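Visitor: The structure that follows is given in the form of structure tokens.
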Amino acid sequence: MRAWASVEVPDLNLVPAQISVFDSASQQLQNLRIADEVTMYVCGITPYDATHMGHASTYVAFDTLLRVWQAAGAGVNYTQNVTDVDDPLIERAKLLSRNWQELAIEQTELFKSDMVALRVIPPANYIGAVESISLVEQQVLKLQENNCVYEVSGDLYYEIGKSKVAGKIAHLSRDQMIEIFSQRGGDPARVGKHDPLDALLWKLEQPDDPSWASVLGKGRPGWHIECAAIAIEYLGETIDVQGGGSDLKFPHHEMSAAHAQSSTGKPFARNFLHTGMVSLDGEKMSKSLGNLVFVSKLIHSGVDPMAIRLNILSHHYRADWEWFDKDLQDAVERLSLWRDAFACESGTADQSQEIFNFLVNDLDTPSAIDAIDSWASRTLISQKDYAQHEDSQDNAAQALDPDSPESMQRTVDALLGIV
Ligand code: ZN
């Protein structure tokens, strides 16, 4: 599948630094590898109800990580999927009396245009589930060889009891897992399963349901094996970062990692990174509640997409946060202040390195934004002073650096994706 349009990123001249990020599995800060090829897989959308602020917040966070990782000298091979066939999409299409493929294409295109507006760098590999049926098939066959698969009325399930790693990412009790599994696409109560937590790998053809011919029987892929198969194919058996919203920790990331490890015998990811949830009116933004703020609607109403991005980045990526229109207004004003400062002929001392140093510390965007605010305010005040005291060449004017506004603008563009 074609990704969206590329985004130009200015080169920066920064002192290299280690990047530490919080790994959900070890529950500790861990250093990311810096190498010519490091790998990141971020779970993509199921294309209906795109792109709400919860999605946008996740993809902007991982885009910022990509930018910082690249600035630290890494060549990041980034892959994202589109779950363009799955129960929620098919159910929505039926509800709307629409063709599921048309709905998927329309919503994927809308998502791409939102990503372009938010200046999110496209993944090197943007891969749909439908185009990955044979990859899923190969992985299920490997799992069968490794004796981790059984059948219930033609549907194929992964036997969680065979996994050495299941439960190591989300740190939930078994009772919690069973409860959440049923809320997030699992079927713990299905009769014939060996364990309530066994996840579907391959769903046998049903009436009115899309399906593909396969040695596994005519059917379609399960969700978790889709991501495992795509990540292994495009990024290798052990990836550096598996990312997504915190609601993907369980079951999705637990199951994908378990499937992958049972298939390859190797750890699936070195780091599992999760973004906080976005709420509206006190409730988590979700499709089921319908309390969604859509990026495309905001943009159509005249909101600058850069203000949306800046509002997202003003929250730490791991924190849950609430959407308030007032915060968006603050972001509009902040953006205007920054742009005025970038347009100055000179500015106070360049703080690019300080901004980078905040970001390599578990992507501390709020502190980076504070530093830019203070630089912009001081630069604008000093310009006024300069205009008032041009003849006297006072100290404030002499301290100004003619290269600082351009350098800061490049840094904010390259690292935060804001212009
Ligand atoms: Zn996924």
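No value in this document is a laboratory result; all are computed from the given coordinates. No experiment lies behind these values; they were computed from the predicted model shown. Don't worry about glycine lacking a Cβ; one is built from the backbone with ideal geometry, like all the others, and counts go over all protein chains shown.
Visitor: Tally the DSSP beta bridges in the chain and give the antiparallel ones as a percent, rounded to 5.
Guide: In the chain, DSSP labels about 50 percent of beta bridges as antiparallel.
Visitor: List, in the order given, every pair from Lys218/Lys266; Lys162/Lys249; Lys142/Lys203; Lys164/Lys218; Lys112/Lys164 whose Cα-Cα distance in the structure shown is over 26 Å.
Guide: Violating the 26 Å limit, Cα to Cα: Lys218/Lys266; Lys164/Lys218; Lys112/Lys164.
Visitor: Quick one: order Lys193, Lys94 by neighbouring beta-carbon count within 10 Å, fewest to most.
Guide: Fewest to most other Cβ atoms nearby, the residues stand as Lys94, Lys193.
Visitor: Compute the distribution of all C-alpha to C-alpha distances in the chain, in bins of 20 Å from 0, and list the percent of pairs in each, rounded to whole numbers.
Guide: 25, 53, 18, 4, 0
Visitor: Another question, then. Arrange the peptides 180-186, 356-362 so that the one whose residues have, on average, the most other Cβ atoms within 10 Å appears first.
Guide: 356-362, 180-186
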